[in-house]
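Take a look at the structure set out below.
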Amino acid sequence: MKKWLMMFILVGFIAFFSYLVYLNQYVKKSFSDNQFTNKQVTQIEYQLEDYPRELINMLLLVEDQSFYEHRGIDFKEIIRVVYGYIFEEKPIRGASTITQQLIKNTLLTREKTFTRKIEEALMAVLLEREYDKNFILERYMNTVYLAQQGSVAFHGFAAASNFYFDKKVENLSLNEMAKLVALLKGPSYYNPSRFPERLNQRAEMILLMNRKYKKIVQ
């Protein structure tokens, strides 16, 4: 019995290790090849240093305040989500770091299951082993979905700035930056043409946070 148990553990370890190797190669190749370009997507590439610091701060304050401290996942938030899923039968939601969001947006489906959440977390850790924080933040800001016009999606803050305000992102006002960050929660729900009051309320909250809290990047 003990022999079979040891064999089972060994096989499980080998299988898990092999899976991690596969995920690592998949993540590394995907981001090195930049294979996310699509004819149905409008995207403008910016370097991180070219984005306004105020926009970066608003983004981090709202989406991931510990971005420069964690290694891909926020363990406190993960524990909260897992506890809610197991003991309170709550759906898997929230708690994703910017790194996890980048993985979800570019490599995974939008399915909300416990298994997919674990896969997302593993891939986020592997991504942070391969690339530095600024690369990850830059890629996120260039690829996150923010607008839709017919069959064409607009990804990234630079493309969204041009779409919504007909401006380069570096020329945005603070209010306009806050609106773009607000849209991350749901470009359809906060659509400025259909629901301007929703968008304005969330943007005001983001502006308040930006004034109240210490800047994450200087």
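The values are calculated or read from the model by the stated rules, or taken from the named source; none is laboratory data. Values in this document were obtained by computation on a predicted structure and should not be read as measured data. Every residue, glycine among them, receives a Cβ derived from its backbone with ideal geometry; neighbour counts consider all protein chains shown.
Go through segment 79-145 and tell me which helices (runs of 4 or more DSSP H), entirely inside it, have 3 or more residues that are modelled with pLDDT under 85 and either β-branched (Val, Ile, Thr) or surrounded by fewer than 21 Cβ atoms within 10 Å (Cβ to Cβ) (or both).
Hits in segment 79-145: 114-130.
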Over segment 146-166, the set of residues more than 18 Å from the chain's Cα centre (by Cα) and assigned to a helix (DSSP H, G or I) is Ser161, Asn162, Phe163, Tyr164, Phe165
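Has segment 178-185 got any residue that is more than 16 Å from the chain's Cα centre (by Cα), within 17 Å of Val62 (Cα to Cα) and not β-branched (Val, Ile, Thr)? First the steps, then the outcome.
Residues of segment 178-185 that are more than 16 Å from the chain's Cα centre (by Cα), as a first pass: 178-179.
Next, only the ones that are within 17 Å of Val62 (Cα to Cα) stay: 178-179.
Imposing the further condition that a residue be not β-branched (Val, Ile, Thr) reduces the set to 178-179.
Checked segment 178-185: at least one residue is more than 16 Å from the chain's Cα centre (by Cα), within 17 Å of Val62 (Cα to Cα) and not β-branched (Val, Ile, Thr).
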Within segment 138-159, the residues that are in contact with a helix residue (DSSP H, G or I) (Cβ under 6 Å, 6 or more places away or on another chain) and more than 12 Å from Asn105 (Cβ to Cβ) are Glu138, Ala147, Phe154, Phe157, Ala158
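Which ones in segment 190-218 are hydrophobic (A, V, I, L, M, F, W, C) and within 22 Å of Asn57 (Cα to Cα)? Walk me through how you get there before you give the answer.
Taking segment 190-218 and keeping what is hydrophobic (A, V, I, L, M, F, W, C), we get 195, 199, 203, 205-209, 216-217.
Within segment 190-218, Leu199, Ala203, Met205, Ile206, Leu207, Leu208, Met209, Ile216, Val217 qualify.
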